[in-house]
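The structure appears right after this line, and notes come after that.
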Amino acid sequence: MTRRSTLSFWQIWNMCFGFLGLQFGLALQNANVSRIFQTLGANLNDIPALWIAAPLTGLIVQPIVGHYSDRTWNRLGRRRPYFLAGAVVASLALLWMPNAPALWMAAGLLWILDASINVSMEPFRALVGDQLPTQQAPTGFAMQSFFIGAGAVVASISPWVLARFGVANVAPDGGIPDTVKYAFYVGGAVLLGAVLWTMLTTREYPPAQLRSFTDTVPERPSVDVSRAVRPGLFLLLAGAAVLFAIRHFALEKEVYLLAGGLVAFGLLLTWLSRTRSRGMLREIIGDLYGMPESMRRLAGVQLFSWFALFAMWIYTTAGVTQTMYATVDTSSAAYNEGANWVGVLFAAYNGFGALAAVVIPLMVRRWGLRTSHVVNLCFGGLGLLSFLYIRDPRWLLASMVGVGFAWASILSLPYALLSDHLPTAKMGVYMGIFNFFIVIPQVLAASILGLLLRLCFHNQPIWALGLGGTSLLIAGLCTLHVPEPQGRVHGSSLSSSP
């Protein structure tokens, strides 16, 4: 019996470098897609529904890719074939999206872009669990956070920088400005190049060798899935109640997403309790129902954390331009100036996140994983709440410090809290299932944020950021119920991160 080899700093660097490109693409998406949708004529209240393609894609794609990548081995390796396929399609989608002639096409390209990025991203998470020994796994996740922050800084700020160099920031026909187009073209090249770098510089252990390591977590015994009928029926009843409320109170059509999600999960759990199938769907839903206890507790943390992030991504452009630039006219110079400043703000929180990836290991060494995550989530919550009180957009850079710490923490510490408890043979599928608790809150946000703004906040989008801040504070409280991992010194294992 042997152990995984301890990797050098530069080996971990190369293994995680692909995240630079993936986040470059995601950051362009997050900072500019609402702008593209509004420019192509989308109503503000319809934007959450248009965005929903992205998280729903991740919900479906990541566990499927995890399931198959756990069973793949060819001359490209176990995870690397999925890196390559996803990167090629994502790069093509980035080149095409800013040239979309119609709203429906832009929404479709968002779906393709997010699906392909998810095909690459899930194996990157699983690769850390495959390749790194237990004491280095948090270092790998922290390194990924560093590259996520670094890639997103450059991507988010690109339109603003291009405008400073004289590239047209307002299209003469009211279409997508050249600043956005050129940023997406660069993004396609960076995404593909960074993923290829990881593919060419990183080796993988064959599945048989992975199973032989002494630090391999064995598969858990099967759980009694016959009891899944109870939560299944509960979700079905909840979905029916939401459908009744939609019809009775004439609620927004986006709420159908929530009702549909409840009914779909209810049907799947009810089916699980009765089926004799041993196929992919049965395995994924069975692993979801029988997930490790630490993963179950982290689910609540992820739910509130990602609800807040999705609220920020959807409504920051509209909230800042309407509140601080006093315009809702997407063709005006003021709107495009404000939209570019939102890109700067997004670059700022990602930049602060990259710096936080250096500071967080010191926090973990002193306070442990759990307390460090609580502190960082509170920083982020206060940062988003401050949007309600700041009127000079320049001061929002200070708000982004807290958001950056929360972002870096969300991308690393939950995985560090979780990774010791996942069976090696199912690392990919469990990482994909963990993505459910990233997607579900995004579906929830897309379903109810528009309704909440209309009923409670007079359709003022800035209040979505206040709701996001509150959600991060609640996520911090949920983290207190997650057990601190035992058996290793986390601070020392993280201390080599960049």
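Some notes on this structure:
- Look at the dipole of the chain built from charges on Cβ: of 179, 288, 353, the Cα furthest out on the positive end belongs to 288.
- Treating each Cα of the chain as an identical point scatterer and summing with the Debye formula, the log10 of I(q)/I(0) at q = 0.07, 0.10 Å⁻¹ comes to -0.35, -0.74.
- Note on segment 320-439: Cα-only Rg and Dmax are 17.8, 54 Å.
- The long axis of helix 18-39 is offset from the longest Cα principal axis of the chain by roughly 30 degrees.
- Computed E for residue 267/residue 105 - FRET, C-beta separation, R0 25 angstrom, nearest 0.05: 0.20
- Rounded accessible area of residue 293 (nearest 10 Å², 1.4 Å probe): 100
- When nucleic acids and ligands are ignored and a 1.4 Å probe is applied, residue 96 ends up with an accessible area of around 130 Å².
- Accessible area, probe 1.4 Å, largest first, for residues 370, 297, 3: 3, 297, 370
- Dipole magnitude of segment 193-300, debye to nearest 20 (Cβ charges: Lys/Arg +1, Asp/Glu -1, about Cα centre): 340
- Derived scalar couplings between HN and Hα for segment 152-159 equal 5, 4, 5, 5, 5, 8, 4, x Hz in order, rounded to whole Hz, by the Karplus curve 6.51 cos²θ - 1.76 cosθ + 1.60 (θ = phi - 60°), x for Gly and Pro.
- Charge dipole of the chain (Cα centre as origin; +1 on each Lys and Arg Cβ, -1 on each Asp and Glu Cβ, all else neutral): 1140 debye, rounded to the nearest 20.
- Taken along the Cα-to-beta-carbon direction at a fixed 7 Å, the label points for residue 365 and residue 391 span 4.5 nm.
The values are calculated or read from the model by the stated rules, or taken from the named source; none is laboratory data. Owing to the predicted nature of the structure, the values given are computational and were not obtained by experimental measurement. Positions of Cβ are backbone-derived with ideal geometry, glycine not excepted, and every protein chain shown enters the neighbour counts. Note: areas computed on protein heavy atoms with side chains; ligands, DNA, RNA excluded. Shrake-Rupley method; radii C 1.70, N 1.55, O 1.52, S 1.80 Å.
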